[in-house]
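S.K.: Quick one: this structure, given as structure tokens, is what I'll be asking you about.
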Amino acid sequence: MHLMRYLLRRLVLSVFVVLGVTLLVFVVAQVVPSDPAALYAGPRPTAEQIETARKVLALDAPLHERFFSFAARMATGEFGVSYKTRRLIADDLSVFLPATLELAVFSTVLALLIGVPAGVLTAAGRGGLLDRLGSLGSIAAVAMPTFFLAMLLQAFFAQWLGILPLSGRLSKEFAVLAPLPSVTGFNLVDSLFAGRPAAFFDTLSHLVLPALTLASYPAGVAMRLTRSAMIEILQRRHIVAARALGLSGSRILFGHALPNAIGPALTVVGLSFAYALTGAVLVEIIFAWPGLGRYVSEAILSKDFPVIAAATLVVTICYVAMNLLIDLAQAIFDPRVAL
Amino acid sequence: MSLVEIKGLAIRFGSLHNPIHAVRHVDLSIERGTIHGLIGESGCGKTISGMALLGLLPQSARVSADAFRFDGLNLLDVAKSLRGRRIAMISQDPAAALNPVLRIGRQMDDVLKSHSGLPRFQRRAVAEELLAATGLADPRRVLKSYPHQLSGGMQQRVVIAQALATGADFIIADEPTTALDVTVGAQVLALLKRLVQERALTVLMITHDMDVVAECCDSATVLYAGHTVEAGRTDELLAAPRHPYTQALLAALPDAVAKGERLASIEGHIPSPFAVIEGCPFAPRCASAMAVCRQAKPPERDDGNHCWTCHLEPHHG
């Protein structure tokens, strides 16, 4: 009951956030010096062609009318067509968004699975060899530029060892020769639905390198945060009490101390997930990943506002949802958190 | 034979040249099936002696003793393996001793899992039984609760139930009533007394409160600045204290003076843990100190019922 009321309140607040973002995008589109009609009319348009485009796009209507029709279209998910490619934006998003989400989810899980246990173990062996190696590793993970790490991984795993594909999302045989039916757009899920384990593992092998690259920074930060939180928690009375009760070391570390210490790491990793939705442009380019980041940055360069608006809206919703998820997760780990 | 037999326990921290003496010379002998009080001011080494019994001292601690035995076993070797098996602890502040983010059920179950091969549903039944044994009215609800949903007295009962869950026969209770209301504290003491009788437990009651000793201890040891200064049966200790420090402690109790009079206090401070103590540690604050008290270690004296260390000749009759 308590939870439902909380969710409802957050949902109402989210609506205002999304409305605000919509307004902001619209205003920016008006302020930026570019003529959508000229873009829509195609390369080297004549004056008449531009005028026709202006009528088609209803750009001569009063400002407030244009905002309301824009907001209404956004609300119904009718994103319209790209000014530049004249493709349906909804179609494009249905390809790029799942690809990006798949990568972001996978790398977030990876970041948590690497960063959190590493933080626990380095805190437990504080000052020892493992701790020093861990510190070195986390600093390297945070400081290494994305593109450099990406190329190192490619050189090592794809070029030298040859055990992982260099780039792309699927091998040719699954992408072209016998294409996976797209149900959810998530290849990991679709391949399982289709009962094709070979395609599943092919997807997985393509995911590993870009996901590792993306996970590097949040894993490093999560490790440092978990380590310092654990060091503080391990000195608390209830940990001494658990030792006095004869509980084993690993149960104390992971079962008793970690739930107290995981909060900061969850927050950071959750936010870096949302960032990765459009912020992973470099990784997407290097690994030829058909993701949202590349799609949006190309739209930004050509001032293709319907695409920018649609992507902004989608990413905003993802951000809001992620923040809600983080808060819920904090409440699950710490019952004293008041929702 | 006593369950616990400690002679000349010393615990030092810091460097060899500049040691911190947490405990200097503690003798402690605890009979089976009794509640033994360990009493003294803050900083006299009570808690750290208890930690030594549990093998929970930090790595930097250096422990030496002429004898440090539990049930005939040398604790210097086996304290870690006895911890939570035969020796358990009830700590001062139950709110801090329970993990704030785990349900009581999970915290009880973890203890039972570590000490018994029982399947899950049986562990749950045992947990309920133990909580009921500590006087909690609704064990099922308690098992589902988080610590912050319980009162201080309930939390302390849960901590006691956890200690019972280890199956330990020796429980170190470190000021178990300090953080509680007086009435709740009295209930917890009564509970411990009952459990000692019902379950053949032995309890070391660490306290700074003479009333607690009078209330529930069969015998007691008085510590001063890391030294055992007097030990004996509670009635003897209270009726005829031999060591000037014990006498001063008893005189400082509010009941000892008539209403309206100033409370007695002991002038001065306990010696610093850095200090080198040549003679009797209490000499600087002792009303009856003599020249010899500052120069030589006081002799151990024994009148059959209790023993103490003091230069003063016992006056008879």
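The values are calculated or read from the model by the stated rules, or taken from the named source; none is laboratory data. Note that the structure is a prediction, hence the values are computed from the model and not measured. We place every Cβ from the backbone using ideal geometry, glycine too, and count neighbours over all the protein chains shown.
S.K.: Of the conditions (1) surrounded by 16 or more Cβ atoms within 10 Å (Cβ to Cβ); (2) more than 18 Å from B:Val26 (Cβ to Cβ); (3) in contact with a helix residue (DSSP H, G or I) (Cβ under 6 Å, 6 or more places away or on another chain), B:Ala248 fails just one. Which one is it?
M.R.: (3)
S.K.: Based on this model, can you work out whether B:Ser288 counts as touching a residue at least 40 places away in the same chain (Cβ under 8 Å), under 20 Å from B:Glu41 (Cβ atoms), in a loop (DSSP other than H, G, I, E, B) and not β-branched (Val, Ile, Thr)? Steps first, answer last, please.
M.R.: Working: touching a residue at least 40 places away in the same chain (Cβ under 8 Å): yes; under 20 Å from B:Glu41 (Cβ atoms): yes; in a loop (DSSP other than H, G, I, E, B): yes; not β-branched (Val, Ile, Thr): yes.
When the stated conditions are applied, B:Ser288 passes them.
S.K.: Do you know which residues across region B:74-90 are more than 10 Å from chain A (Cβ to nearest Cβ) and either of a type in the set (A, V, I, L, M, F, W, C) or in contact with a Gly (Cβ under 6 Å, 6 or more places away or on another chain) (or both)?
M.R.: Within region B:74-90, B:Leu75, B:Leu76, B:Val78, B:Ala79 meet the criteria.
S.K.: Counting just the residues of region B:91-105 that are more than 9 Å from chain A (Cβ to nearest Cβ) and surrounded by 24 or more Cβ atoms within 10 Å (Cβ to Cβ), which one comes out modelled with the lowest pLDDT?
M.R.: B:Pro94
S.K.: Please find, among B:Cys307, B:Cys293, B:Cys217, the residue that is crowded, with 23+ Cβ neighbours inside 10 Å, of a type outside the set (Asp, Glu) and either more than 30 Å from B:His17 (Cβ to Cβ) or without any contact (Cβ under 8 Å) to a residue 60 or more places away in the chain (or both).
M.R.: Checking each option against the conditions leaves just B:Cys217.
S.K.: Taking B:Asp110 as the residue in question, decide whether it is at the interface with chain A (Cβ under 8 Å from one of its Cβ atoms), over 15 Å from B:Leu9 (Cβ atoms) and without any contact (Cβ under 8 Å) to a residue 24 or more places away in the chain. Give the steps one after another, and end with the answer.
M.R.: Details: at the interface with chain A (Cβ under 8 Å from one of its Cβ atoms): yes; over 15 Å from B:Leu9 (Cβ atoms): yes; without any contact (Cβ under 8 Å) to a residue 24 or more places away in the chain: yes.
Yes: the conditions hold for B:Asp110.
S.K.: Follow-up. Please identify the pairs in which a residue from region A:222-250 that is surrounded by fewer than 22 Cβ atoms within 10 Å (Cβ to Cβ) has its Cβ atom under 8 Å from the Cβ atom of a residue that is aromatic (Phe, Trp, Tyr) and outside any loop (DSSP other than H, G, I, E, B), counting only partners at least 6 apart or on another chain.
M.R.: So the pair list comes out empty.
S.K.: Quick check on region A:251-262: of everything there that is surrounded by fewer than 21 Cβ atoms within 10 Å (Cβ to Cβ) and more than 14 Å from A:Ala118 (Cα to Cα), which residue is nearest to the other protein chains (Cβ to nearest Cβ)?
M.R.: The residue in question is A:Pro259.
S.K.: Kindly check whether there is at least one residue in region A:263-273 that is within 14 Å of another protein chain (Cβ to nearest Cβ), surrounded by 21 or more Cβ atoms within 10 Å (Cβ to Cβ), closer than 30 Å to B:Gln162 by Cα and in contact (Cβ under 8 Å) with a residue 24 or more places away in the chain.
M.R.: Taking every residue of region A:263-273 in turn, none turns out to be within 14 Å of another protein chain (Cβ to nearest Cβ), surrounded by 21 or more Cβ atoms within 10 Å (Cβ to Cβ), closer than 30 Å to B:Gln162 by Cα and in contact (Cβ under 8 Å) with a residue 24 or more places away in the chain.
S.K.: Let me ask something else. Filter region A:24-44 down to the residues that are in contact (Cβ under 8 Å) with a residue 60 or more places away in the chain and more than 18 Å from A:Asp60 (Cβ to Cβ) and list them by number.
M.R.: Across region A:24-44, the qualifying residues are A:Val25, A:Val32.
S.K.: Suppose we filter B:Arg85, B:Arg62, B:Arg123, B:Arg103 for residues that are of a type in the set (Lys, Arg) and either in contact with a Ser or Thr (Cβ under 6 Å, 6 or more places away or on another chain) or closer than 24 Å to B:Ala22 by Cβ (or both); which single one remains?
M.R.: Numbers: B:Arg85 fails: either in contact with a Ser or Thr (Cβ under 6 Å, 6 or more places away or on another chain) or closer than 24 Å to B:Ala22 by Cβ (or both); B:Arg123 fails: either in contact with a Ser or Thr (Cβ under 6 Å, 6 or more places away or on another chain) or closer than 24 Å to B:Ala22 by Cβ (or both); B:Arg103 fails: either in contact with a Ser or Thr (Cβ under 6 Å, 6 or more places away or on another chain) or closer than 24 Å to B:Ala22 by Cβ (or both).
Of B:Arg85, B:Arg62, B:Arg123, B:Arg103, the one residue that is of a type in the set (Lys, Arg) and either in contact with a Ser or Thr (Cβ under 6 Å, 6 or more places away or on another chain) or closer than 24 Å to B:Ala22 by Cβ (or both) is B:Arg62.
S.K.: Would you be able to say whether some residue in region B:138-145 is over 26 Å from the mean Cα position of the chain (by Cα), within 13 Å of chain A (Cβ to nearest Cβ) and more than 19 Å from B:Leu195 (Cβ to Cβ)?
M.R.: Within region B:138-145, one or more residues are over 26 Å from the mean Cα position of the chain (by Cα), within 13 Å of chain A (Cβ to nearest Cβ) and more than 19 Å from B:Leu195 (Cβ to Cβ).
S.K.: Please go through region B:34-56 and pick out each residue that is in a loop (DSSP other than H, G, I, E, B) and either surrounded by 24 or more Cβ atoms within 10 Å (Cβ to Cβ) or in contact with a helix residue (DSSP H, G or I) (Cβ under 7 Å, 6 or more places away or on another chain) (or both).
M.R.: Matches in region B:34-56: B:Gly40, B:Cys44, B:Gly45, B:Gly55, B:Leu56.
S.K.: Going through region B:157-177 one residue at a time, which ones are polar (S, T, N, Q) and at the interface with chain A (Cβ under 8 Å from one of its Cβ atoms)?
M.R.: B:Gln162, B:Thr166
S.K.: Now for a different question. Which numbered condition in (1) crowded, with 18+ Cβ neighbours inside 10 Å; (2) touching a Phe, Trp or Tyr at 6+ places or on another chain (Cβ under 7 Å) is the only one that B:Arg301 fails?
M.R.: Result: B:Arg301 passes all but (1).
S.K.: How many of the residues making up region A:289-339 are assigned to a helix (DSSP H, G or I), among the hydrophobic types (A, V, I, L, M, F, W, C) and within 14 Å of chain B (Cβ to nearest Cβ)? Give the derivation first.
M.R.: In the first step, residues of region A:289-339 are kept if they are assigned to a helix (DSSP H, G or I); the result is A:292-301, A:305-333.
Among the residues that remain, those that are also among the hydrophobic types (A, V, I, L, M, F, W, C) are: A:292, A:296, A:299-301, A:305, A:307-311, A:313-315, A:317-318, A:320-322, A:324-326, A:328-329, A:331-333.
If we keep only those that are within 14 Å of chain B (Cβ to nearest Cβ) as well, we get A:329, A:331-333.
Count: 4.
S.K.: Under 27 Å from the mean Cα position of the chain (by Cα) and away from every other protein chain (no Cβ under 13 Å), is that true of B:Ala133?
M.R.: Considered against the rule, which asks whether it is under 27 Å from the mean Cα position of the chain (by Cα) and away from every other protein chain (no Cβ under 13 Å), B:Ala133 comes out as yes.
S.K.: Between a residue in region B:245-258 that is at pLDDT 80 or above and any residue that is of a type in the set (Gly, Ala, Ser) and surrounded by fewer than 16 Cβ atoms within 10 Å (Cβ to Cβ), which pairs come within a Cβ distance under 6 Å, given they are 6 or more apart or on different chains?
M.R.: Going by the 6 Å Cβ cut-off, the qualifying pairs are B:Ala251/B:Ala264; B:Ala252/B:Ala264; B:Ala252/B:Ser265.
S.K.: Which residue, of A:Leu149, A:Leu101, A:Leu177, A:Leu133, is crowded, with 16+ Cβ neighbours inside 10 Å and farther than 30 Å from A:Val25 by Cβ?
M.R.: A:Leu149
S.K.: Give the number of residues within region B:220-245 that are surrounded by 19 or more Cβ atoms within 10 Å (Cβ to Cβ) and charged (D, E, K, R).
M.R.: Taking region B:220-245 first, the residues surrounded by 19 or more Cβ atoms within 10 Å (Cβ to Cβ) are B:220-232, B:234, B:237, B:241-245.
Within this subset, residues satisfying the condition of being charged (D, E, K, R) are B:230, B:242.
Result for region B:220-245: 2.
S.K.: Test A:Leu112 against the stated conditions and say whether it is under 30 Å from A:Leu225 (Cβ atoms) and out of contact with any helix residue (DSSP H, G or I) (no Cβ under 6 Å at 6 or more places or on another chain). Full working, then the answer.
M.R.: Details: under 30 Å from A:Leu225 (Cβ atoms): yes; out of contact with any helix residue (DSSP H, G or I) (no Cβ under 6 Å at 6 or more places or on another chain): no.
It is false that A:Leu112 is under 30 Å from A:Leu225 (Cβ atoms) and out of contact with any helix residue (DSSP H, G or I) (no Cβ under 6 Å at 6 or more places or on another chain).
S.K.: For the subset of region B:64-73 comprising residues that are surrounded by fewer than 18 Cβ atoms within 10 Å (Cβ to Cβ) and under 23 Å from B:Leu16 (Cβ atoms), which member is farthest from the other protein chains (Cβ to nearest Cβ)?
M.R.: Going through the qualifying residues, I end up with B:Asp66.
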